[in-house]
1. Inside region 10-55, can you point out the residues that are in a loop (DSSP other than H, G, I, E, B), within 16 Å of ligand 2 (Cβ to nearest atom) and closer than 16 Å to residue 82 by Cα?
2. Considering each residue of region 157-187, count those that are away from ligand 1 (no atom under 16 Å from the Cβ), part of a loop (DSSP other than H, G, I, E, B) and touching a helix residue (DSSP H, G or I) at 6+ places or on another chain (Cβ under 8 Å), and give that number.
3. Could you tell me whether region 32-47 includes any residue that is surrounded by fewer than 22 Cβ atoms within 10 Å (Cβ to Cβ), more than 16 Å from ligand 1 (Cβ to nearest atom) and farther than 30 Å from residue 137 by Cβ?
4. What single numbered condition from (1) under 26 Å from residue 225 (Cβ atoms); (2) surrounded by fewer than 21 Cβ atoms within 10 Å (Cβ to Cβ); (3) in contact (Cβ under 8 Å) with a residue 60 or more places away in the chain fails to hold for residue 21?
5. Evaluate region 86-101: report whether one residue or more is assigned to a loop (DSSP other than H, G, I, E, B), under 21 Å from residue 181 (Cβ atoms) and touching a residue at least 12 places away in the same chain (Cβ under 8 Å).
6. List the residue pairs whose Cβ atoms are under 8 Å apart, where the first residue sits in region 421-434 and is under 15 Å from residue 403 (Cα atoms), the second is assigned to a strand (DSSP E or B), and the two are 6 or more positions apart or on different chains.
7. Listed residues 159, 187; which is under 23 Å from residue 25 (Cα atoms) and crowded, with 21+ Cβ neighbours inside 10 Å?
Ligand SMILES: Nc1ncnc2c1ncn2[C@@H]1O[C@H](COP(=O)(O)OP(=O)(O)OP(=O)(O)O)[C@@H](O)[C@H]1O
Ligand SMILES: [Mg+2]
């Protein structure tokens, strides 16, 4: 059978980096292909070349055996490609159908024919079982549905080949299952799918074949049915990766974080966190689980100082910090790995070194008599880059040029180095490769062993269950239950997350 898509000898260089080094990739019609590899291996670069966002330095692209040269995504779309971006490119104030047809509106006598547009969008949605209301305003839709709108957009433009770059990173487990059903349906109708992921269980459950990149080269293309997560990670990392964590027993110390009767309101004055009380003690990891949108984000914003409290008190070590600024809480011993790293955690226009040094200006050794020691700063940055294997050509490189996972590592490296008594880690392994997940998990456990307190928020139940000592489940702004790690199971957590039975065992 002729390939739907073939890449031959693709080469792409950036200053100081060979991002794609002679890459060949051939995918059949109706196939679901996973593209995996460590952070910075060149996955996004390759897909951007395929979609016409970057021009390759060498190599050829064939779509249905026709040689193509893409000067822009416009050309790629015309050849039957579609890309679902991770940061959705939708207009929140427009409806679903307005977003879908945007830039490709059907017209009648020179006017946009809204009726035809809406019908056509509804018809495509039905044909591919994409549940979405064409008249709904996009701004009100949950993330999983917005992603469906992005998929609809590509189908409306008659895409035959769909590219998805880490599509599950922002989804809840339920939304992910919905996406997989949609993608299987699309492949069943002959569409070709290429998706990038760091989650090997997703590779195993969704793909027909997996292509592994390492340092810009293809190291293997494996038939999914004949491989294993261990084999894939060996091709990715070049060594065996420990996929389970070993949690040593630890001595509980004094209370580091105490949250009392906390209530938080959203912009419209609606209560989004209600009467939440809990403590995190030195030497323990407390996990917060819940379906996205049940108040976890607002709770963390209130604890870190990004959002005011409506009611309640927060104590960090011996100090009341309920009204303290973010900087005040940081000085009191709070480190924070935020979920939305592009908005809260980083300045992407600044250099990697500057991002690693943010907040360290007052550290002894790095400054003297109010003056920053340039040498000290540079050494500190270089040390962190090496220790966390951050892939960057030089420390002065703008952070914007880093791959997604390497950006995440910059925040993680900086926050661990801050040595706060309390570490708040939100989705700490989102977007990072398996080797780095292992490394970050080990770091979190060491941090705990050193007698610090960790509050961990993660959408990955397996991550929470393997790391946390106690798990709090949030539902509709309240703590719906608490489980000790030893007695937690996906089924029990799932029940609490869905607002089922209330369990609370105090210890
Ligand atoms: N616009 C750019 N300018 C300079 N260097 C870049 C640019 N885009 C990517 N790079 C570099 O190219 C390499 C490959 O990056 P790419 O984004 O393709 O990695 P990736 O496999 O998608 O990684 P991740 O899993 O972290 O998203 C990295 O070293 C990155 O820093
Ligand atoms: Mg990427």
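1. First, the residues of region 10-55 that are in a loop (DSSP other than H, G, I, E, B): 15-16, 28-31, 38-42, 51-55.
Keeping just the survivors that are within 16 Å of ligand 2 (Cβ to nearest atom) gives 38-42, 51, 53-54.
Selection gives 51, 53, 54.
2. From region 157-187, those away from ligand 1 (no atom under 16 Å from the Cβ) are 157-162, 171-187; that's our starting set.
Going one step further and asking which of them are part of a loop (DSSP other than H, G, I, E, B), we end up with 157-160, 171-172.
Then keep just the ones that are touching a helix residue (DSSP H, G or I) at 6+ places or on another chain (Cβ under 8 Å); that gives 157, 159, 171-172.
Matching residues across region 157-187 total 4.
3. Looking through region 32-47, none of the residues is surrounded by fewer than 22 Cβ atoms within 10 Å (Cβ to Cβ), more than 16 Å from ligand 1 (Cβ to nearest atom) and farther than 30 Å from residue 137 by Cβ.
4. Only one criterion is unmet by residue 21, namely (1).
5. Within region 86-101, the first condition is being assigned to a loop (DSSP other than H, G, I, E, B), and the residues that meet it are 86-94.
Those left that are additionally under 21 Å from residue 181 (Cβ atoms): 86, 88.
Of the ones still in play, those that are also touching a residue at least 12 places away in the same chain (Cβ under 8 Å) are 86, 88.
Checking region 86-101: at least one residue is assigned to a loop (DSSP other than H, G, I, E, B), under 21 Å from residue 181 (Cβ atoms) and touching a residue at least 12 places away in the same chain (Cβ under 8 Å).
6. Taking only residues 6 or more apart or on different chains, the pairs are 433/37.
7. Values: 187 fails: crowded, with 21+ Cβ neighbours inside 10 Å.
From the options 159, 187, the qualifying one is 159.
Matching residues to (1) surrounded by 14 or more Cβ atoms within 10 Å (Cβ to Cβ); (2) within 16 Å of ligand 2 (Cβ to nearest atom):
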residue	(1), (2)
167	yes, yes
171	yes, no
192	yes, no
226	no, no
261	no, no
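The values are calculated or read from the model by the stated rules, or taken from the named source; none is laboratory data. All values reported here derive from a predicted model rather than from experimental measurement. Here the Cβ is made from the backbone with ideal geometry for all residues, glycine too, and neighbour counts use every protein chain on show.
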